[in-house]
Structure formats: C-alpha cells, structure tokens
Amino acid sequence: MLVSADFTTVPDLYAKKAPDDARVDGVPCISFPFYIDHLNPAVKYLHWEFSDPDSIPVCGFEWIHWTMANLPVDAIMFDPSDAHALQIPADFSRKVNAMIPEAAQGRNSQASPLYGQDQQNLQLVAHYTGPQPPDQDHRYVLQLWGTTEPIAGLEQGFWLNAMLHGLEHAQVVDGGGITLVGSC
C-alpha cells in the first residue's frame with residue numbers, strides 16, 4: 001500500500017494554527033485528508049495510528065493523535081479507475097462514526113491521566129487531535145495496516161495497545177505509512 005497526501009507539512013487547518021471553530025477544548029480537531037493507493041485486493045479493513053515520536057523528549061512518551069480500527073474498505077472506495085480511488089477525506093474523524101458505525105476510533109493521548117484533561121469528553125479523547133509541537137517542528141508518523149477481517153473486541157474509545165495486540169492475531173496482508181511535519 002502506498003500512503004500519500006497533497007502536502008508534506010500538515011496544513012494549519014489541521015494543526016497548531018487551526019481557527020477556533022476547528023477546535024474542541026482548544027485542540028485542533030479537523031483531521032487531514034490522505035490517499036491510499038496500490039492496496040492489496042485482499043484487504044477488507046483498514047486500521048491506523050497517527051503519532052508523534054518527537055514528543056518523547058518533551059512529554060516522556062510518544063503522543064498518539066489518532067487511531068482508527070475496523071474501517072471497511074468497501075465503505076470508502078469510490079471509483080477504482082481513479083488514481084486515488086481510496087481517499088480519506090478532510091474531517092473524516094468527526095464524521096466517520098455517523099457514516100460508518102462499525103469503524104472505531106481509539107483514545108488519543110489527550111485521554112492520558114498524566115495529561116490532566118477531561119478524559120470523558122469522547123469528542124476530544126477518541127478522535128483526531130492535530131499536531132501542536134511546543135518546542136520545534138516535529139515529525140509525525142501515519143502508519144496503516146490492512147487486514148482481511150475486523151479486529152475483534154474493539155469498540156469506540158479503545159486503547160492503542162488493544163489494536164496493536166489485535167493486529168498480532170489478525171491476517172495483516174498490507175501496510176504502509178507516511179511521515180509528515182508539524183510546524184511549531
């Protein structure tokens with residue numbers, strides 16, 4: 001699988017400089033668009049993690065910005081003759097649960113008890129949160145996995161480790177990723 005975007009630096013709308021109407025509790029909440037090409041035809045479900053490994057020196061752990069599991073490929077495929085037949089549109093994180101209820105979004109690092117936020121606000125802790133690097137530009141990694149079946153036992157608000165453990169037992173037939181920059 002080939003994962004791509006129309007940018008290498010996450011645009012302001014999806015990151016630190018997002019306008020107030022693109023935030024939840026002050027945090028950027030509109031997810032960025034990206035493409036998935038050359039997908040193995042055996043893939044029926046997509047799963048991903050968007051995280052910031054450069055946050056480790058800042059907060060002591062890799063910041064999780066977005067996790068998604070059990071997204072049926074059939075639900076987002078449009079024209080297979082198109083070069084970008086599989087597109088995850090902008091603001092997908094806020095819309096996916098109404099459009100595709102079997103897909104599940106996991107908790108991000110805003111849900112950490114170490115962070116001290118309202119961990120019950122699922123609009124914040126179980127959706128996309130945009131890059132907000134405090135010290136310098138950070139590199140963000142979007143990693144995708146494709147499986148033949150959904151990962152069992154994942155519900156809205158799952159933790160990343162549950163998805164990763166589920167992937168160990170799933171038939172992963174494809175994968176890919178992209179690194180993007182988040183501006184300080």
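Put a plus charge on the Cβ of each Lys and Arg, a minus charge on the Cβ of each Asp and Glu, and nothing anywhere else: the dipole of the chain about its Cα centre is then about 180 debye. Think of segment 1-158 as a dipole: +1 on every Lys or Arg Cβ, -1 on every Asp or Glu Cβ, centred on the Cα centre; then among 154, 103, 90, 154 lies furthest on the positive end. Solvent exposure of residue 112, expressed as accessible area, is near 20 Å², computed with a probe of 1.4 Å over the protein chains only. Modelled spin-label separation between residue 56 and residue 173, with each label point placed 7 Å from Cα along the Cα-to-Cβ direction: 3.4 nm. Rolled with a 1.4 Å probe across the full set of protein chains, the surface gives residue 56 an accessible area near 80 Å².
Taking 10 °C and 1.306 mPa s as conditions, the chain diffuses translationally at an estimated 96 µm²/s according to Stokes-Einstein applied to its Kirkwood radius (Cα pairs). Annotation: extensible slack from residue 73 through residue 16 equals 17.5 nm (criterion: 0.36 nm per residue apart, minus Cα-Cα distance). In this structure segment 2-182 gives 46 Å² per residue of accessible area when probed at 1.4 Å with all protein chains present. Grab the DSSP H runs of the chain that are 4 residues or longer, score each as -39,500 (n - 2.57), total them, divide by all residues and round the 222 nm result to the nearest 500 deg cm²/dmol. Helix contribution divided over all residues of the chain: -3500 deg cm²/dmol.
These residues, 63, 48, go from largest to smallest accessible area, 1.4 Å probe, as 63, 48.
Rounded to the nearest 10 square angstrom, residue 9 shows an accessible area of 60 square angstrom against a 1.4 Å probe.
Computed in the context of the full set of protein chains, the accessible area of the chain at 1.4 Å probe radius has 52% of its extent on carbon or sulfur.
Applying 1/(1 + (r/R0)^6) with R0 = 25 Å to the Cβ-Cβ distance of residue 184 and residue 6 gives a FRET efficiency near 0.70. Taking 0.36 nm per residue of separation and subtracting the Cα-Cα distance, full extension of the segment from residue 112 to residue 38 would add 23.1 nm.
Residues whose amide H falls under 5 Å from that of residue 146, counting only those 5 or more places apart or on a different chain, are 173, 174, 175, with hydrogens built in the peptide plane. Sequence-ordered 3J(HN,Hα) estimates for segment 150-157 from the Karplus curve with 6.51, -1.76 and 1.60 and θ = phi - 60° stand at x, 7, 5, x, 8, 10, 3, x Hz, glycine and proline given as x.
The values are calculated or read from the model by the stated rules, or taken from the named source; none is laboratory data. Worth saying up front: this structure is predicted, and the values here are computed from it rather than measured. Positions of Cβ are generated from backbone atoms using ideal geometry, with glycine treated the same way; all protein chains shown enter the neighbour counts. Areas reflect the complete protein model, heavy atoms only, side chains present, ligands, DNA and RNA absent. Shrake-Rupley method; radii C 1.70, N 1.55, O 1.52, S 1.80 Å.
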